[in-house]
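The values are calculated or read from the model by the stated rules, or taken from the named source; none is laboratory data. Only a predicted model underlies this, so the values are computations on that prediction, with no experimental measurement involved. All Cβ positions, glycine included, derive from the backbone under ideal geometry; neighbour counts span all protein chains shown. Remember, those area values only see protein heavy atoms, side chains included, never the ligands or the DNA or RNA. Shrake-Rupley method; radii C 1.70, N 1.55, O 1.52, S 1.80 Å.
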Amino acid sequence: MARRWPDGRGELVVGADDGVGGVSVPLEVATSYRARTKGLLGRDSVDGAILLSPANGVHTFRMRIPIDVAYLDRRLKVIAVHTMKPGRLGLPRLRSRHVLEAEAGAMAGWGLRVGGTVEVRGDVEGVGGGS
């Protein structure tokens, strides 16, 4: 099932599939070319996370802070998680349809790991969870 959201804000839920309820994190959704291109450039911090969609790779050129990057497949399953320093080019992931970015160390704190899934919720039209 293809996912397509408009630019906007929502909520990321990490670990909802483990039966405990998960961790909720503020989420910025960037789906337009302009929003995806800007991403986290020029920011000194991140409140929660940003979801780039569609995307299968990222870079950290002109970024001010190190970031965590999670590559998600079309069902929002985590296929890879990396921490990237500024000035790096991440390798594209062929199965990736979405990329999640957050401040370095945040994803480990949320319990986000390879094989887990995330859910996107919010007031933004078109944003919804499930698989």
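Taking the stretch 22-49 as the region of interest, how many residues are over 18 Å from Glu103 (Cβ atoms) and aliphatic (A, V, I, L, M)?
Applying the first criterion (over 18 Å from Glu103 (Cβ atoms)) to the stretch 22-49 yields 22, 31-37.
Of the ones still in play, those that are also aliphatic (A, V, I, L, M) are 35.
Total meeting the criteria: 1.
Would you pick out the residues in the stretch 22-45 that are in a loop (DSSP other than H, G, I, E, B) and open to solvent by 20 Å² or more (accessible area, probe 1.4 Å)? Working first, answer last.
Of the residues in the stretch 22-45, the ones in a loop (DSSP other than H, G, I, E, B) are 22, 31-32, 39-45.
If the condition is that a residue be in a loop (DSSP other than H, G, I, E, B) and open to solvent by 20 Å² or more (accessible area, probe 1.4 Å), then Gly22, Ser32, Leu41, Gly42, Arg43, Asp44, Ser45 are the ones that fit.
Pick from the stretch 108-122 the residues that are touching a residue at least 60 places away in the same chain (Cβ under 8 Å) and either in contact with a helix residue (DSSP H, G or I) (Cβ under 6 Å, 6 or more places away or on another chain) or not in a loop (DSSP other than H, G, I, E, B) (or both): which of them is most open to solvent (accessible area, probe 1.4 Å)? Spell out how you get there, then give the answer.
Applying the first criterion (touching a residue at least 60 places away in the same chain (Cβ under 8 Å)) to the stretch 108-122 yields 110-112, 116-122.
When the remaining residues are screened for being either in contact with a helix residue (DSSP H, G or I) (Cβ under 6 Å, 6 or more places away or on another chain) or not in a loop (DSSP other than H, G, I, E, B) (or both), the result is 110, 117-121.
Numbers: Trp110: 43, Thr117: 46, Val118: 9, Glu119: 45, Val120: 2, Arg121: 93 Å².
Applying the filter and picking the extreme gives Arg121.
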Residue list for the stretch 47-82, filter: of a type in the set (Gly, Ala, Ser) and outside any loop (DSSP other than H, G, I, E, B)
Ala49, Ala70, Ala80
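With the condition kept exactly as written, say whether any residue in the stretch 1-22 is over 19 Å from Arg113 (Cβ atoms), touching a helix residue (DSSP H, G or I) at 6+ places or on another chain (Cβ under 6 Å) and among the acidic types (Asp, Glu).
Yes, that holds for at least one residue.
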Out of the stretch 54-77, which residues are on the phi < 0 side of the Ramachandran plot and buried (at least 20 other Cβ atoms within 10 Å of the Cβ)?
Ala55, Val58, Thr60, Met63, Ile67, Asp68, Val69, Ala70, Tyr71, Leu72
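Looking at the structure I just gave you, is Asp7 at pLDDT 85 or above, farther than 18 Å from Gly87 by Cβ, open to solvent by 40 Å² or more (accessible area, probe 1.4 Å) and of a type in the set (Asp, Glu)?
Working: at pLDDT 85 or above: yes; farther than 18 Å from Gly87 by Cβ: yes; open to solvent by 40 Å² or more (accessible area, probe 1.4 Å): yes; of a type in the set (Asp, Glu): yes.
Yes: the conditions hold for Asp7.
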Residue count, the stretch 83-102 (criterion: open to solvent by 30 Å² or more (accessible area, probe 1.4 Å), at pLDDT 95 or above and in a strand (DSSP E or B))
1
Of the residues Val46, Val114, Val69, which single one is touching a Gly at 6+ places or on another chain (Cβ under 9 Å) and either more than 16 Å from Arg9 (Cα to Cα) or not acidic (Asp, Glu) (or both)?
Val69
